[in-house]
1. Checking the table 33/163; 6/70; 22/134 against a 25 Å threshold on Cα-Cα, which pairs fail?
2. Roughly how big is the chain's charge dipole about its Cα centre, with Cβ charges of +1 (Lys, Arg) and -1 (Asp, Glu), in debye to the nearest 20?
3. Enumerate the calculated ³J(HN,Hα) couplings along segment 38-51 in order (Karplus 6.51 cos²θ - 1.76 cosθ + 1.60, θ = phi - 60°), each rounded to whole Hz, writing x wherever the residue is Gly or Pro.
4. Report the accessible area of residue 117, computed with a 1.4 Å probe over the heavy atoms of all protein chains in place, in Å² rounded to the nearest 10.
5. Would you mind working out the accessible area per residue for the chain, using a 1.4 Å probe, and quoting it in Å²?
6. Checking the a/c ratio against 1.5 first, then a/b against b/c, what shape does the Cα gyration tensor give for segment 61-116?
7. What are the ³J(HN,Hα) values, in whole Hz, obtained from phi via the Karplus relation 6.51 cos²θ - 1.76 cosθ + 1.60 with θ = phi - 60°, for each residue of segment 144-152 in sequence order, with x given for Gly and Pro?
8. If amide hydrogens are placed 1.01 Å from N in the peptide plane, which non-local residues have theirs closer than 5 Å to the one on residue 76?
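The values are calculated or read from the model by the stated rules, or taken from the named source; none is laboratory data. Since we're looking at a predicted model, the values are computed, not measured. Note that each Cβ is placed from the backbone with ideal geometry, even for glycine, and that neighbours are counted across all protein chains shown. These accessible areas exclude ligands, DNA and RNA; they are computed on the full protein's heavy atoms, side chains included. Shrake-Rupley method; radii C 1.70, N 1.55, O 1.52, S 1.80 Å.
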Amino acid sequence: NPQLEKESVLLLRLEGVIMDGKTFLKPLKKYAKDPKVKAIVIQIDSPGGAVGPSQEIYAEILRVRNQLKKPVVASCLGLTASGGFYAAVAAKPIFANPGTLMGSIGVIMQFANLEGLYSWAKVKRYSITTGPYKDSGSEYRAMREDERQLFQALISEVHMQFKKAVAAARGL
C-alpha cells in the first residue's frame, strides 16, 4: 500500500457498461482517505448498466464528498447516460463537452419470449419453483399480467430512487 509522496489529484475512469462497481470503487476507497489526495476527477464515458453497482458508485462518491470533505469533479466525455449519469450527479461540479450525450434518467428491464422458437424446435421447458414469481421473466412462456405489474412496480421504484438522487445531488 504505497503512500503518496506529494499532494495529488486522483484521476479515475468510469468507462463502458457498469456491471460491477468493484473495479471503480476499489481505488476510490483506497486513495480517497489519503490526506495527500486533495481532489478527485472522475472521467465518465459510460452508457450505464446495472442499477446496484451504479447506486454503489453514486453513494461512495457522495460519501467521499460529504464525510471526507474532498472535492469530486465529473468530467463527462462522449457518453454519460443512465448509470453513468447516476454516478456523475454525485460529483460537483460536472463538466461536459458540447457533444457529450448526457442524461437518460430511466430504468429498463428486458425479456424475451422464445415460446414460438421452442415450439418450432420441439423443445418443452418446465420449471419447478418455490413460489409464484420465482420463474417470472422466463423466456419459454408469455408473461402473466400479475408478473408484468410486479416488474413495472420494481422499475418504477428504482426510477423514483434515481430521480430523487438526481434532485438531491443537484440541490433541487
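1. 33/163; 22/134
2. On the way: 24 positive and 15 negative charges, 119 e Å.
Once rounded to the nearest 20, the dipole reads 580 debye.
3. 8, 7, 10, 10, 10, 8, 10, 9, 8, x, x, x, 5, 5
4. My reading of the accessible area for residue 117 is about 90 Å².
5. Working: 10690 Å² over 172 residues.
With all protein chains present, the chain gives 62 Å² per residue.
6. Oblate shape, in that a/c is at least 1.5 and b/c is the bigger or equal ratio.
7. Ordered by residue, 3J(HN,Hα) equals 6, 5, 5, 5, 4, 5, 4, 5, 5 Hz.
8. Residues meeting the criterion, in which the H sits 1.01 Å from N, are 44, 95, 96, 97.
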